[in-house]
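To start, the structure itself, in structure tokens.
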Amino acid sequence: QVQLVESGGGLVQFGGSLRLSCAASGSMFSIYTMGWYRQAPGKQRELVATIITGGDVKYGDSVKGRFIIYRDNDKHTVSLQMNNLKPEETAVYYCNADLRGVGVEVPLSYWGQGTQVTVSS
């Protein structure tokens, strides 16, 4: 069974930085896209950043120039460096991976349990 486990959330002041990490484990055949999404109270889940196996990245408009996503394909991890954080970015951040498990013919989307990021003003 595949699991995504996030770490690195917490409380940070306005303008501060945090780094989130996510590790995929279990019987995996191949991991395709990995990424981060966030959901603030009362709002829809939104894209923060994604990265494909080859390294191409995509960022949500609001985080461009401040956040950096990177992955280690050998360790099956994806990380998100968040800089110059703003109070409105307080949310639960979720790790996501599109991957094909061993014995599964099609890729499926997996989610972590989420990690809270709180930015104080």
First in segment 14-29 and closer than 21 Å to ASN83 by Cα, second anywhere and among the aromatic types (Phe, Trp, Tyr), Cβ under 7 Å, 6 or more apart: LEU20/TRP36; LEU20/TYR93
Of the residues in segment 87-106 that are of a type outside the set (Gly, Ala, Ser) and within 10 Å of the chain's Cα centre (by Cα), the one that is most open to solvent (accessible area, probe 1.4 Å) is TYR94
Hey, could you check segment 64-77 for residues that are without any contact (Cβ under 8 Å) to a residue 24 or more places away in the chain and under 18 Å from SER25 (Cα atoms) and say which is nearest to the chain's Cα centre (by Cα)? TYR70
Check on LEU80, outside any loop (DSSP other than H, G, I, E, B), without any contact (Cβ under 8 Å) to a residue 24 or more places away in the chain and out of contact with any Cys (no Cβ under 7 Å at 6 or more places or on another chain): no
Looking only at segment 107-121, count every residue that is crowded, with 17+ Cβ neighbours inside 10 Å and part of a strand (DSSP E or B) and tell me the total. 4
Quick one: would you say LEU18 is touching a Ser or Thr at 6+ places or on another chain (Cβ under 9 Å) and surrounded by 12 or more Cβ atoms within 10 Å (Cβ to Cβ)? no
Considering segment 67-85, residues that are open to solvent by 40 Å² or more (accessible area, probe 1.4 Å) and in contact with a strand residue (DSSP E or B) (Cβ under 6 Å, 6 or more places away or on another chain), and then whichever is nearest to VAL119 (Cα to Cα), we arrive at GLN81
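The values are calculated or read from the model by the stated rules, or taken from the named source; none is laboratory data. This one's a predicted model, so the numbers in the text were calculated from it and none came from an experiment. Note that we place each Cβ from the backbone using ideal geometry, even for glycine, and neighbour counts take in every protein chain shown. When the accessible area is computed, the model is the full protein with side chains, heavy atoms only, and any ligands, DNA or RNA have been set aside. Shrake-Rupley method; radii C 1.70, N 1.55, O 1.52, S 1.80 Å.
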